[in-house]
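Step one of this worksheet: look at the structure below.
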Amino acid sequence: MFGIILGLIVLMALAYLGWSIIWIAPIAAGVVALTGGLDLLDAYTNTYMSGFVNFAKQWFPVFMLGAIFGKLMEDTGMAKSVAIALTKVIGTKRAILGVLVSCAVLTYGGVSLFVVVFAVYPLALTLFREANISRRLIPGTVALGSFTFTMTAIPGTPQIQNLIPTPYFGTTAMAAPIMGIVAAIIMGVGGYYYMRWREKQLSAKGEFYTEPKDNKIVKVEGDTPHFILSILPLITVVVTLNVLEWDIVVALLSGVILLMILNITKFKGFVKAINNGAVGSVTAIINTSAAVGFGTVVQVVPGFDRLTALLMGIKGNPLISEAVAVNILAGATGSASGGMGIALEALGERYYELALSTGIDPEAFHRIASLSSGGLDAMPHNGAVLTLLTITGMTHKDSYKDIFVVAVVIPIISIVAAILLASVGIY
């Protein structure tokens, strides 16, 4: 068990230093294997790689099609069109709300978090400039709309963090809708009022909008498709996945095909967008698969039984145990999907057995796993956080405090609320 903890510390420390999980996960797994009495070569070539390959086999089509869908939305201007239309309705006086809603609609429609950052940032600059709000609040606002309730809470979201639990618990993307909606309200409303409070706080200190040093990507105007056409692919993905109950691969493929049909005049750019999306998806799937491989090694060492007993021995609702396990691993890896992948690969079967034996609906375990993946994941070394700060030109010192509150603290509060609902049989 000491070896498992040591392996996690190695994984977390190296990830925090900015080293890629692709190669530090095998190192951390090696620490676990060595202290657990396993043969190092066999632990890597067989145990670790079996977990890696099995996850990639199951989820690569989703990662690839999701990335292609997002890239086509970006390159055709449809993502920008949706964001512009929504903010026009909401108005520049409500700049924070406009950016928040734009991010939420795009992510709930299946656009990847990274694409949303690129699509919404130029618009956010324009809105914050007109409302005279400090740019320090842009990262927190984008994180709230992209990294929280639309990623893990709202029933039916096609984001991978809501899909990974489905095979473990025999559920769908609509699992535990009441728990999800309540958690989403806590995250969305709570985060919004926190950001408004921060706006007033900074204004009272005399801190307002200042132009960024690099103004290369602030252009908002340009030829974009009509809003109605632009939102159709997003609606298609959500409806085919949740209403028609098609497989997520088919749902994403439907969105991609509709996107290309609606933008047929831009067909010359399709190959580049698809290529870029496909290439980008490879890094994403390998990162998560590497984390899952680490979890597979943890699962076979003798200390795992002790760790399992410790987690399962947490008093009260077994959903608390699941929430703790997923949060800790998401924080250690700096990845929502990676942390949840490790936890469910190692403990998913045990939690499903608990669901059956305790009478708690497996959907509740699905929703708590998803929500918990979006808690401690947004630590300073999280890849999405680093990308967000880089694109917005902010530092951790400038904006991480707000990201931490809206993407870590408030989501954890929502997990507590969801567990309380499940404890009284409300799913």
**Prompt:** Do any helices (runs of 4 or more DSSP H) entirely within the stretch 302-388 hold 1 or more residues that are within 28 Å of residue 37 (Cβ to Cβ) and open to solvent by 10 Å² or more (accessible area, probe 1.4 Å), and if so, which?
**Reply:** 303-312, 318-333, 336-358
**Prompt:** Can you name every residue in the stretch 408-418 that is surrounded by fewer than 22 Cβ atoms within 10 Å (Cβ to Cβ), touching a residue at least 12 places away in the same chain (Cβ under 8 Å) and under 16 Å from residue 176 (Cβ atoms)?
**Reply:** 417
**Prompt:** If a residue has to be closer than 22 Å to residue 359 by Cβ and either open to solvent by 10 Å² or more (accessible area, probe 1.4 Å) or at pLDDT below 95 (or both) to count, how many in the stretch 168-205 make the cut?
**Reply:** 8
**Prompt:** Just checking, which of 257, 231, 274 is in a helix (DSSP H, G or I), modelled with pLDDT of 85 or more and open to solvent by 70 Å² or more (accessible area, probe 1.4 Å)?
**Reply:** 257
**Request:** Restricting attention to the stretch 18-30, report how many residues are open to solvent by 10 Å² or more (accessible area, probe 1.4 Å) and within 21 Å of the chain's Cα centre (by Cα).
**Result:** 5
**Prompt:** Can you name the residue in the stretch 390-407 that is surrounded by fewer than 22 Cβ atoms within 10 Å (Cβ to Cβ) and of a type in the set (A, V, I, L, M) and is also nearest to residue 208 (Cα to Cα) among such residues?
**Reply:** 394
**Request:** Please work out which one of (1) over 23 Å from residue 376 (Cα atoms); (2) part of a loop (DSSP other than H, G, I, E, B); (3) touching an Asp or Glu at 6+ places or on another chain (Cβ under 6 Å) is the condition residue 175 fails and give its number.
**Result:** (1)
**Request:** Go over the candidates 296, 283, 236 one by one and state the one that is open to solvent by less than 60 Å² (accessible area, probe 1.4 Å), closer than 21 Å to residue 340 by Cβ and in a helix (DSSP H, G or I).
**Result:** 296
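The values are calculated or read from the model by the stated rules, or taken from the named source; none is laboratory data. What you are looking at is a predicted structure, and each value in this text was computed from that prediction instead of being measured. Note that we place each Cβ from the backbone using ideal geometry, even for glycine, and neighbour counts take in every protein chain shown. Calculation scope for accessible area: heavy atoms of the full protein, side chains included, ligands and nucleic acids excluded. Shrake-Rupley method; radii C 1.70, N 1.55, O 1.52, S 1.80 Å.
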